[in-house]
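S.K.: What follows is a single structure, and I will ask about it in a moment.
Every number here is computed from the coordinates shown, using simple stated rules; none is lab data. From a predicted model like this one, the values you see are computed outputs, not experimental measurements. A quick note on method: Cβ atoms are made from the backbone with ideal geometry, for glycine too, and the neighbour counts reach across all protein chains shown.
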Number of protein chains: 2
Amino acid sequence: MDGDRLDEILDRLRDRGGRVTTARRAIISELLRGGGHITAEELTAAVQAAHPDVHTSTVYRCLETLGELGIVEHAHLGHGPAVYHLADDTHQHLVCESCGSVLEVPAEVFAVTDARLRDEFGFTATLGHFAIVGRCAACTGLKSRRRRPTEH
Amino acid sequence: MDGDRLDEILDRLRDRGGRVTTARRAIISELLRGGGHITAEELTAAVQAAHPDVHTSTVYRCLETLGELGIVEHAHLGHGPAVYHLADDTHQHLVCESCGSVLEVPAEVFAVTDARLRDEFGFTATLGHFAIVGRCAACTGLKSRRRRPTEH
DNA sequence: TTAGCTGCAAAAGGTTTGCAAATTA
DNA sequence: TAATTTGCAAACCTTTTGCAGCTAA
């Protein structure tokens, strides 16, 4: 059940010293529902549907706090606003610069390069903060062995 | 000589239908001098040292045009302003989220992952637009076999 | 000459902040 | 009760735009 998931996260929030408020509960539920890729503005609108006086600045502040507590993460898919998702679902975004479609790929795909960056440069990469830009299968005429891009 | 390099780029600019103006010449010289990683604001200041009435908006417009003509590129290293560099030096930026240092790594390092993205997802990645975030050797205590991060 | 650039001023877009009042633990 | 969080308004920072005048080709 989804409520269980929510309660689990709220407990984690409390455990880490944060307070559970209407705004935070609503934001986390919405992130659970939507499954990620939501901007602060969209999130605000969704939250305000049920709680009209939750202000945009509150949403930003909640997202910041939840970020610091390791509950939420954000990613940059392009030049527009950042998108937010729960921190337990880390993945890399591939964004098509031609059609804007977004493909999520699992961390595992980057294992070889990760190892190389660590070996040769001592650099430990954190996946997912910035998208990788390029061109999707549909826009290049290449065929993909796996998933198709999601609409954007 | 550096002037040769500049003239070569200005010719390219003309060839591609752009006009050579004071602002554009100054911007390109500055990018040649500085070697990249310069923000629009820094670039404006540098240009204004010699040409005080080149306006910020002109710099942005020049950078945009030069981008469309394939002469300049920009990259996002973090949450701040974008940084600009000449297009003939494409590379990937690794940014340390702890100390902010920036490491440039050649495209070749990503060859295996690139091939995999193309094979499995039909996605052709364009390197360098967004940085890869992580932690540098100094901040993790790992040793690196190659270069050290540059100051930021 | 004339399409392409530029300066200026103003606005846009996303995000952050100061402060007093409200709320959580 | 005490420390956090919130609503609101206003600011911030980077980048974009409209427009009339200027300039490179």
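S.K.: Is it the case, given these coordinates, that A:A137 is hydrophobic (A, V, I, L, M, F, W, C), within 16 Å of B:E120 (Cα to Cα) and either at the interface with chain B (Cβ under 9 Å from one of its Cβ atoms) or surrounded by fewer than 18 Cβ atoms within 10 Å (Cβ to Cβ) (or both)?
M.R.: Working: hydrophobic (A, V, I, L, M, F, W, C): yes; within 16 Å of B:E120 (Cα to Cα): yes; either at the interface with chain B (Cβ under 9 Å from one of its Cβ atoms) or surrounded by fewer than 18 Cβ atoms within 10 Å (Cβ to Cβ) (or both): yes.
Spelling it out, A:A137 is indeed hydrophobic (A, V, I, L, M, F, W, C), within 16 Å of B:E120 (Cα to Cα) and either at the interface with chain B (Cβ under 9 Å from one of its Cβ atoms) or surrounded by fewer than 18 Cβ atoms within 10 Å (Cβ to Cβ) (or both).
S.K.: For the range A:83-97, give me each residue that is within 9 Å of chain B (Cβ to nearest Cβ) and surrounded by fewer than 20 Cβ atoms within 10 Å (Cβ to Cβ).
M.R.: A:E97
S.K.: Going by what's in this entry, would B:D114 be described as more than 9 Å from DNA strand D (Cβ to nearest atom), closer than 18 Å to B:F130 by Cα, in a helix (DSSP H, G or I) and among the charged types (D, E, K, R)? Show your work before the answer.
M.R.: On the way: more than 9 Å from DNA strand D (Cβ to nearest atom): yes; closer than 18 Å to B:F130 by Cα: yes; in a helix (DSSP H, G or I): yes; among the charged types (D, E, K, R): yes.
Against the criterion (more than 9 Å from DNA strand D (Cβ to nearest atom), closer than 18 Å to B:F130 by Cα, in a helix (DSSP H, G or I) and among the charged types (D, E, K, R)), B:D114 qualifies.
S.K.: Can you tell me which residue among A:V83, A:V20 is out of contact with any Cys (no Cβ under 6 Å at 6 or more places or on another chain), within 30 Å of B:H74 (Cβ to Cβ) and of a type in the set (A, V, I, L, M, F, W, C)?
M.R.: A:V83
S.K.: Considering A:G3, A:G67, A:G35, which residue is exposed (fewer than 12 other Cβ atoms within 10 Å of the Cβ), more than 9 Å from DNA strand C (Cβ to nearest atom) and within 28 Å of A:V133 (Cα to Cα)?
M.R.: Being exposed (fewer than 12 other Cβ atoms within 10 Å of the Cβ), more than 9 Å from DNA strand C (Cβ to nearest atom) and within 28 Å of A:V133 (Cα to Cα) holds for just one of A:G3, A:G67, A:G35, which is A:G35.
S.K.: Looking only at the range A:38-64, how many residues end up being within 10 Å of DNA strand D (Cβ to nearest atom), loosely packed, with under 15 Cβ neighbours inside 10 Å and either within 27 Å of A:G100 (Cβ to Cβ) or within 15 Å of the chain's Cα centre (by Cα) (or both)?
M.R.: Qualifying residue count for the region: 3.
S.K.: Cβ-Cβ distance below 6 Å, separation of 6 or more or different chains: which pairs start in the range B:117-129 with a residue that is at negative phi and end on one that is among the acidic types (D, E) and not in a strand (DSSP E or B)?
M.R.: B:A125/B:D114
S.K.: Right, next: Which ones in the range B:98-124 are facing chain A (nearest Cβ under 7 Å) and surrounded by fewer than 17 Cβ atoms within 10 Å (Cβ to Cβ)?
M.R.: Result: B:V112, B:D119, B:E120.
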